[in-house]
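In what follows, a single structure is set out as structure tokens and then discussed.
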Amino acid sequence: MALTNFGTLTGDQLQTWSRDFWRVARNQSFINQFAGSGSNAMVQRVTELTKNQKGTKANITLLADMTGDGITGDFTLEGNEEALRAFDISIELDQLRFANRIAGRMTDQKTVVNFREQSRDALAYAIADRCDQLAFLTLSGVAYTHKNNGALRTVVGGAVNGQELVDLEFASDVSAPTGDRHRRWDATDGLVAGSTTAVTAADKLQYSTIVELKAYAKDNYIRGIRGAGNQETFHMFVTPQQMANLKLDSDFLANVRNAGVRGTSNSLFSGSSSLMVDGVMIHEFRHVFNTSGATSGASGNAGAAGYKWGAGANINGARALFCGAQALAMADIGLPEMVEDTFDYGNQSGISVGKIFGMRKPKYNSDISGSVQDFGVIALDTAY
């Protein structure tokens, strides 16, 4: 089968098309707006590869705080230096591809151009949307066998065939939230240890949740993103329904009425999908993990994959994410590869795009708990 040409593109034109495609895809990706190249980004993007014994991977390094108290006065410092403790995080890489095909001969050059533009937009959205889905599943510690609405993805063929996201090389690195990084909001007791089976219908997000969660994060050394004046900012991601619960909370309403700006810019009227609460940027996004698509069951199904939460597996829940710096590591290797092809003796035309990338939630050995903990994210389970 010959590579073609329906309106032949040169190598330079293909590269330009790929750059244009990735620009569109990145602009459509929600998680991309929180990505940066350094350790002060919520999503640390890695663009370089490292060779090791297991092949080519992308790596980031986490530096732990120094624990010693230094040397006082004129006592000898030489020989008493403290070694920096570094934790290397390796990110497995894989390729995700999408393609469009149109039946029928395309003889008009204008039609070819329109097809490319429409195909680019459709493929860009598909790549961006799947990257967002994978990012939030990774941060939430939920296997790629799930959809972001809690339903189980359709199994295709029953074997590894590349038609399921769980077939990605980095899918096996997804891990459940660690003990100190998994919390639940209890309507009576406040912030408690995380447990999806303990969620009740009353355990909804409210203003005090965010205040307590921020204090907990700082006490447990979640490092914020530093900005002007060395001030720390945290990002919290919630479902649209969790955001609605917050906006309807009486304490939130009182604070907005009394301390918010006057007029249409007030968050009561602006309708913004992001707002600031106690120095925490709250963002609503549809791919935050929830159980709206999960199966409603009975007590025997509590905690089982694909079921709703609570002791009776019948509570709609959502996993909000409280994120600081280096909450997620993402390998973004090279431009997408674009291929045009024809089929059926030139009567059908198609465009495919493949992107090599990878994701992983960084972990480290905590000096507080003495155990391995997620580095920059806390998962918070609530009802909605």
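Annotations for the structure displayed:
- Filter result (in a loop (DSSP other than H, G, I, E, B) and touching a strand residue (DSSP E or B) at 6+ places or on another chain (Cβ under 8 Å)) within the range 277-290: Gly279, Phe285, Val288, Phe289
- Hits in the range 349-373 - residues which are part of a strand (DSSP E or B) and closer than 18 Å to Glu92 by Cβ: Gly354, Lys355, Ile356, Phe357, Gly358, Met359, Arg360, Lys363
- Counting the residues of the range 366-384 that are of a type in the set (Ser, Thr, Tyr), under 15 Å from Ala193 (Cα atoms) and either in the same structural domain as Trp309 (by TED's automatic domain parsing) or surrounded by 22 or more Cβ atoms within 10 Å (Cβ to Cβ) (or both) gives 1.
- Qualifying residue in the range 291-313 (condition: part of a loop (DSSP other than H, G, I, E, B), farther than 27 Å from Ala126 by Cα and in contact with a Pro (Cβ under 9 Å, 6 or more places away or on another chain)): no
- Annotation for the range 340-348: no member residue is part of a loop (DSSP other than H, G, I, E, B), buried (at least 17 other Cβ atoms within 10 Å of the Cβ) and either free of Cβ contacts under 8 Å to residues at least 40 places away in the same chain or among the hydroxyl-bearing types (Ser, Thr, Tyr) (or both).
- Qualifying positions in the range 309-339 - buried (at least 24 other Cβ atoms within 10 Å of the Cβ) and charged (D, E, K, R): Arg319
- Failed criterion for Phe322 (all others in (1) modelled with pLDDT of 95 or more; (2) under 28 Å from Val155 (Cβ atoms); (3) not in a loop (DSSP other than H, G, I, E, B) hold): (2)
- Candidate set: the range 325-339, residues that are part of a strand (DSSP E or B) and not hydrophobic (A, V, I, L, M, F, W, C); chosen: the one farthest from Met281 (Cα to Cα): Glu337
Per-residue answers, yes or no, for (1) at pLDDT 95 or above; (2) more than 17 Å from the chain's Cα centre (by Cα):
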{"site": "Val142", "(1), (2)": "yes, no"}
{"site": "Thr145", "(1), (2)": "yes, no"}
{"site": "Arg153", "(1), (2)": "no, yes"}
{"site": "Asp173", "(1), (2)": "yes, no"}
{"site": "Thr196", "(1), (2)": "yes, yes"}
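- Single residue of Arg226, Arg257 found to be surrounded by fewer than 22 Cβ atoms within 10 Å (Cβ to Cβ) and free of Cβ contacts under 8 Å to residues at least 40 places away in the same chain: Arg257
- Looking across the range 229-249, just one residue is surrounded by 23 or more Cβ atoms within 10 Å (Cβ to Cβ) and in a loop (DSSP other than H, G, I, E, B), and that is Thr239.
- A count restricted to the range 8-36 and to residues that are more than 14 Å from Asp132 (Cα to Cα) and either crowded, with 17+ Cβ neighbours inside 10 Å or at pLDDT below 90 (or both) stands at 17.
- Selection status of Asn161, surrounded by 17 or more Cβ atoms within 10 Å (Cβ to Cβ) and either more than 30 Å from Leu248 (Cα to Cα) or not assigned by TED's automatic domain parsing to the domain that holds Ile315 (or both): no
- In the set (1) more than 18 Å from the chain's Cα centre (by Cα); (2) surrounded by 20 or more Cβ atoms within 10 Å (Cβ to Cβ); (3) over 18 Å from Asn290 (Cβ atoms), Arg184 fails one condition alone, (3).
- Residue among Phe252, Phe269 that alone is in a helix (DSSP H, G or I), in the same structural domain as Asp186 (by TED's automatic domain parsing) and at pLDDT below 90: Phe269
- Residue in the range 138-149 that is of a type in the set (A, V, I, L, M, F, W, C), touching a residue at least 60 places away in the same chain (Cβ under 8 Å) and more than 22 Å from Thr291 (Cβ to Cβ) present: no
- Restricting attention to the range 303-330, the residues that are over 22 Å from Thr178 (Cβ atoms) and not hydroxyl-bearing (Ser, Thr, Tyr) total 9.
The values are calculated or read from the model by the stated rules, or taken from the named source; none is laboratory data. Note that this is a predicted model, so its numbers are computed, not measured. Neighbour counts are summed over all protein chains in view; Cβ atoms, including those assigned to glycine, are modelled from backbone coordinates with ideal geometry.
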